[in-house]
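The values are calculated or read from the model by the stated rules, or taken from the named source; none is laboratory data. Just so we're clear, the structure is a prediction, and the values are computed from it rather than from any experiment. Here Cβ is always computed from backbone atoms with ideal geometry, including for glycine, and neighbour counts include all displayed protein chains. Note: areas computed on protein heavy atoms with side chains; ligands, DNA, RNA excluded. Shrake-Rupley method; radii C 1.70, N 1.55, O 1.52, S 1.80 Å.
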Amino acid sequence: RLRARLDDRRLVIDELLLLGAGGASGGRLVARGEGAWTAQGLQLQIDARLEQLRASVRSDRQVTVSGRLGGRLDRQLAELTGNLRVDRARITLPDQAAPRLGEDVSVRNLPPGVRLGPERGGERSPTARPLRVAVGVDLGDDFRIQGHGASARLRGAVSINATDLSEPRLSGTVQTAEGEYRAYGQVLSIERGVLRFTGPADNPALDVLAIRPNLVQKVGVLV
């Protein structure tokens, strides 16, 4: 639902209501703000509140989140800031990483201003606004993952910072609250599972110890 009004060149958004999957039971996002058309282009500022919003309902990725987000768009900058908390998450890890282009492949028919190479996420058009993302995410008390032999509940908090959505940087710590890991035909209990992020999202520091339970000697896996 959108309740908005025009005031000369200004668009005033009194209410923007989006429901998550499942209608009223899927949570909601409520936002308000205003925008204007100027000689420098569109300027927009909006504040949003998420209330147990089902942000993803895929069979392998179910995520419900709450919190606040703020967005700003002007001639100099596009910005997204806020803090979110995961109310519930069920993530099934894929069997393998997403395929990547070979080093001898280049894509020529992408939108104007974007070039995709084997080692690059994309180049921003010279006319595009700089992007800034600064969002804090608390994993909450019901964040569970499964796949690659692991089944665990995670907790912790990370800050997402980016100037390019293809290369986000994370800072913070995620650790297992409980879980198990299947390796070498055995079921191992995860005694310690810590991921420390201090840079690229795909390169955390790992500190993982999983051992066979109910044994006098400790036998298992240390990463």
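Any idea which of (1) assigned to a strand (DSSP E or B); (2) at negative phi; (3) open to solvent by less than 60 Å² (accessible area, probe 1.4 Å) is the one Gly67 doesn't satisfy?
Result: Gly67 fails condition (2) only.
What number of residues within the stretch 1-42 are surrounded by fewer than 16 Cβ atoms within 10 Å (Cβ to Cβ) and touching a residue at least 40 places away in the same chain (Cβ under 8 Å)?
The total comes to 0.
Looking only at residues that are among the β-branched types (Val, Ile, Thr) and within 14 Å of the chain's Cα centre (by Cα) in the stretch 65-95, which one is nearest to Pro168 (Cα to Cα)?
Checking each candidate, the answer is Thr81.
Testing Ala89 on (1) within 21 Å of Pro130 (Cα to Cα); (2) crowded, with 16+ Cβ neighbours inside 10 Å; (3) at pLDDT 95 or above, one condition comes back false. Which one is that?
Going through (1) within 21 Å of Pro130 (Cα to Cα); (2) crowded, with 16+ Cβ neighbours inside 10 Å; (3) at pLDDT 95 or above one by one, Ala89 breaks only (1).
Could you check the stretch 132-153 and list, in sequence order, the residues that are under 18 Å from Gly220 (Cα atoms) and either outside any strand (DSSP E or B) or open to solvent by less than 20 Å² (accessible area, probe 1.4 Å) (or both)?
His148, Gly149, Ala152
If you check Gln96, Gln62, which single one turns out to be modelled with pLDDT of 75 or more and either open to solvent by 40 Å² or more (accessible area, probe 1.4 Å) or in a strand (DSSP E or B) (or both)?
Answer to the check: Gln62.
Give just the number: which of (1) free of Cβ contacts under 8 Å to residues at least 12 places away in the same chain; (2) surrounded by 13 or more Cβ atoms within 10 Å (Cβ to Cβ) does Val216 not satisfy?
Exception for Val216: condition (2).
For residues that are acidic (Asp, Glu) and in contact with a Lys or Arg (Cβ under 6 Å, 6 or more places away or on another chain), scanning just the stretch 138-192, find the one that is nearest to Glu79 (Cα to Cα).
Among those that are acidic (Asp, Glu) and in contact with a Lys or Arg (Cβ under 6 Å, 6 or more places away or on another chain), it is Asp138.
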